[in-house]
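The values are calculated or read from the model by the stated rules, or taken from the named source; none is laboratory data. Keep in mind that this is a model prediction, so the values were computed, not measured. Glycine gets a Cβ as well: all are built from the backbone with ideal geometry, and neighbour counts include every protein chain shown.
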Amino acid sequence: MTRAFLVVFVLLVGLSGVVEAHEVFRYIDPAFPQKRIAIDVDRRQFLVADVGEDMEVCEPGSPFICVESETLSFHFPRVLGQGQAEWEAHGRKYRVESVENYELWGRQERLMRIRMDAQGQSTFYLYSEEVGLMGIGFVNPKTRAYVTYLIDGDRGFGSARTMSETP
């Protein structure tokens, strides 16, 4: 009896739309897989381990594809001009340092390595318009420590598919 009730309950909840899937992009540190961060677009949260920060997401009419929290700031022009390699957003300077092939989780991806400088600190991003934000690298200028996070999936925030699904 209890088993039948549980099955019916799960079916009703699933069919009623109470449980909604939402877009969460998870990134892991390949050297220490237990270290994780995530971009939860629908809840507008940037998650570091189990701590969440409020996050802004650029609206579809904005000139940028972006997320902005206390820890993470990523802005990419929706229309990148021919030969454009630099832009500025929210007082931060971004520069495409290179476009290279990277092997991520056994797949080759052609990605831009973007450097963001603000207040004496740098963050690096691996991004393409097709597959989105695939890697994030934080640099601590005092200790010169570098932490890299790579997408745990086949596409990241800001991919062409993700942006076409955004309301």
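Quick notes on this one:
- Unique residue being under 25 Å from Gly61 (Cα atoms), of a type in the set (Asp, Glu) and at pLDDT below 95 when the list is Glu130, Glu103, Glu109: Glu130
- Scanning region 134-146 turns up no residue that is part of a strand (DSSP E or B), out of contact with any Leu (no Cβ under 9 Å at 6 or more places or on another chain) and at pLDDT 95 or above.
Each row is one residue, and each column tells you yes or no for (1) within 21 Å of Arg36 (Cα to Cα); (2) in contact with a helix residue (DSSP H, G or I) (Cβ under 8 Å, 6 or more places away or on another chain); (3) touching a residue at least 24 places away in the same chain (Cβ under 8 Å).
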{"position": "Gln84", "(1), (2), (3)": "no, no, no"}
{"position": "Leu104", "(1), (2), (3)": "yes, no, yes"}
{"position": "Arg110", "(1), (2), (3)": "no, no, no"}
{"position": "Arg113", "(1), (2), (3)": "yes, no, no"}
{"position": "Gly135", "(1), (2), (3)": "yes, no, yes"}
{"position": "Gly153", "(1), (2), (3)": "yes, no, yes"}
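- Arg95 vs. criteria among the basic types (Lys, Arg), at pLDDT 85 or above and within 22 Å of Phe32 (Cα to Cα): no
Condition check ((1) more than 21 Å from Phe138 (Cα to Cα); (2) at pLDDT 95 or above; (3) among the hydrophobic types (A, V, I, L, M, F, W, C); (4) surrounded by 10 or more Cβ atoms within 10 Å (Cβ to Cβ)) across all residues:
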| position | (1), (2), (3), (4) |
| --- | --- |
| Thr2 | yes, no, no, no |
| Val18 | yes, no, yes, no |
| Ala21 | yes, no, yes, no |
| Gln34 | no, no, no, no |
| Leu72 | no, no, yes, yes |
| Phe76 | no, yes, yes, yes |
| Ala85 | no, no, yes, yes |
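- When the criteria are applied in full, Pro60 fails the requirement of being surrounded by fewer than 19 Cβ atoms within 10 Å (Cβ to Cβ) and in contact with a strand residue (DSSP E or B) (Cβ under 7 Å, 6 or more places away or on another chain).
- The single condition from (1) buried (at least 18 other Cβ atoms within 10 Å of the Cβ); (2) closer than 27 Å to Arg43 by Cα that Arg115 fails is (1).
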